[in-house]
Number of protein chains: 2
Amino acid sequence: MGTRWSTKSTAEHILEQAKAGVMKLKAASIDPHLVVVLVGDDPASHVYVRHKVAACEELGIRSTKIALPADVAADALLSEVMRLNRDASVHGILVQMPLPKHIDCDAVIRAIDPDKDVDGFHPINVGRLALGQPGLFPCTPMGVMALLKQTVTDLSGRRALVIGRSAIVGKPMAHLLLHANCTVTVSHSRTVDHQAVCREADIVIVAVGRPGLVDGGWLKPGSWVVDVGINEIKDPALAEKLLDGKRLDRFRATGRALVGDVNYRSALDVAELVTPVPGGVGKLTIAQLMLNTVTATELQR
Amino acid sequence: MGTRWSTKSTAEHILEQAKAGVMKLKAASIDPHLVVVLVGDDPASHVYVRHKVAACEELGIRSTKIALPADVAADALLSEVMRLNRDASVHGILVQMPLPKHIDCDAVIRAIDPDKDVDGFHPINVGRLALGQPGLFPCTPMGVMALLKQTVTDLSGRRALVIGRSAIVGKPMAHLLLHANCTVTVSHSRTVDHQAVCREADIVIVAVGRPGLVDGGWLKPGSWVVDVGINEIKDPALAEKLLDGKRLDRFRATGRALVGDVNYRSALDVAELVTPVPGGVGKLTIAQLMLNTVTATELQR
């Protein structure tokens, strides 16, 4: 029987590092400043941005939210990014994804000054990560690495599986695990006999956006499981399968629930550690964004 | 009993593509031009550069070799690269590695215009590859992908193992296999139970620089093995193990031989296809360099 893998102390540790950085910068009369650009009215995006701004406030990082209408012209958005690049009082620029369909989101990412790219999505930061060079790297994988390294100092030789090959989580996660000397496998929707692949892994990171995909039966006994997924479910049958106790009661009352990509209950029967959803990886991501903002500010000194 | 995996027809196919590109460019009065910068007197580097120049000649690609002394100042080399960046008659720039120790080779790579970076080593090209965006990508992995795709159209779901995590071969190879929908594992010197990891793989790409590391006993029956290694051996015991027939006779006469990272003889007992060394992947690399030079020229139109 495994344990709920709490991310709390790792998130606090990351925030302490960020706070120490902020104090040092302020002592040198530098006021770290994150600008979040929000386009349109996606409710989830609004929630995320609110959390990011609140985290900045808590740490004494200056933050500015720029809200643009959903029908903003692509050129206008690019000009805004360029203006922020030039503004020396701005150290971090985050354009909240997803963007409306008429905007080429790769072009927006490419327009951000790589040294202000706190999301770590710019191709040059992607390249730096792959090459093991210094840069700004995606918050979720960086936060997950901190969790792993706080749990065990040396990851050398462990077999790690990353399920999902996104640019935001899966691929950068694979590079970070490789730098930590894990033997790394990346699997995805086209993987054959996914369960057998999963059962080889000491460490499983799941980031695919499919509620409850990874079942206890997929896992190697004693493995560690990090659930990056966050999915809203409304299907009662799925809720009965994935939830129990109070969470199931709440689903019955509201008709909806947030779940991860892992069947948490059945995973706990086999794995040693499983991060919960919600309340797991999300905390790490926000904490790492604060640290990335500090790193970006330092890069620009 | 497996078969020698000939790279000849794939190399020819890549060269045909390059040739068609050259003809099209020349028809538009553009004369593709590769400049190779060679620093110092490393004998292997001189041989490689000679092969590259000869391949250009064969295809009608203009080539220039710039030879600089081993003690050239780092700044002088960077100025030379910058001059080539500005020269509109130069479409591809290749700085032959390795560089003398007093030169920061990452700085030289970063100085090359990414659109002239025919080796695909610039961080922005590394990032583009990871992101699946267009760019210039490393020749050896691109050539190996061409070999795989000429052997089977759809690689989806195959388990591929890349042994070695270099920036030149291992990591870009992993990204290309992932784009081709393989389930991809990367292993390396810190991997535990390497044989078991290898035995899971349908496709094995080896690029570590350790003569005969991968033995037939490591392989899954019927697997395909690409040997990227090229090592000079002088040890008679190793030669007895890895060579036979005429090649062993030649070793006995000369005291040296070139071998790959795979024990070719024992691998053939288990695998379906194994590329030879020498005469395997090298051909693909040179052919792909020609195609990359054409691609670079097209990027600059």
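Just so you know, all these numbers are worked out from the coordinates, no wet-lab data involved. Owing to the predicted nature of the structure, the values given are computational and were not obtained by experimental measurement. Virtual Cβ from ideal backbone geometry, glycine too; neighbours counted across all protein chains shown.
Values computed for the structure shown
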quantity: Rounded Å value of the spacing that divides the Cα centres of region B:240-275 and region B:10-31; calculated: 36
quantity: Among A:Leu38, A:Leu68, A:Leu291: highest mean-square fluctuation, GNM of chain A, C-alpha pairs under 10 Å; calculated: A:Leu68
quantity: Furthest towards positive pole of dipole, B:Gly212, B:Ile124, B:Ala296, structure part chain B, Cβ charges; calculated: B:Gly212
quantity: Gap separating the Cα centres of region A:121-163 and region A:96-112, nearest whole Å; calculated: 24
quantity: Length added when fully stretched, A:Thr153-A:Arg86, from 0.36 nm per residue minus Cα-Cα; calculated: 20.1 nm
quantity: Tilt relative to chain B, helix B:74-86 - C-alpha long axis, 0 to 90 degrees, to 10; calculated: 70
quantity: Tilt relative to chain B, helix B:170-179 - C-alpha long axis, 0 to 90 degrees, to 10; calculated: 90
quantity: Selection of trypsin sites (Lys or Arg not before Pro), region A:86-153, meeting DSSP coil and at most 10 other Cβ within 10 Å; calculated: A:Lys101
quantity: Shortest-first nm distances, B:Lys65 label point to equivalent points in other copies (7 Å, Cα→Cβ); calculated: 6.4
quantity: For B:Ala253, inter-copy label distances in nm, listed shortest first [label point 7 Å out on the Cα-Cβ vector]; calculated: 8.8
quantity: Using alpha-carbon coordinates, inclination of helix A:8-27 to the longest axis of chain A, degrees; calculated: 10
quantity: Cross-link partners of A:Lys149 among aspartates and glutamates (Cα-Cα below 17 Å; sequence separation of 8 or more within a chain); calculated: A:Glu12, A:Glu16, A:Asp202, A:Asp227, A:Glu272
quantity: Lysines with Cα under 29 Å of B:Lys101, excluding same-chain neighbours fewer than 8 positions away; calculated: B:Lys52, B:Lys65, B:Lys116, B:Lys171, B:Lys234, B:Lys283
quantity: Using a 7 Å Cα-to-Cβ projection, A:Ser79 label spacings across copies, nm, ascending; calculated: 4.2
quantity: Highest to lowest packing among A:140-148, A:236-244, B:42-50, scored as the average C-beta count within 10 Å; calculated: A:140-148, A:236-244, B:42-50
quantity: Proxy reagent accessibility, fewest Cβ within 10 Å first, across B:Ser89, A:Ser156, A:Ser29, B:Ser166; calculated: A:Ser29, B:Ser89, A:Ser156, B:Ser166
quantity: Average other protein chain Cβ within 10 Å of Cβ, residues A:156-169; calculated: 3
quantity: Dipole in debye (nearest 20) - chain A, about Cα centre, beta carbon charges: Lys, Arg +1; Asp, Glu -1; calculated: 360
quantity: Cα-centred dipole magnitude for region A:139-282, charges only on beta-carbon of K, R (+1) and D, E (-1), debye, nearest 20; calculated: 280
quantity: Pairwise FRET efficiency - B:Ala44 versus B:Asp235, Cβ, R0 = 22 Å, nearest 0.05; calculated: 0.70
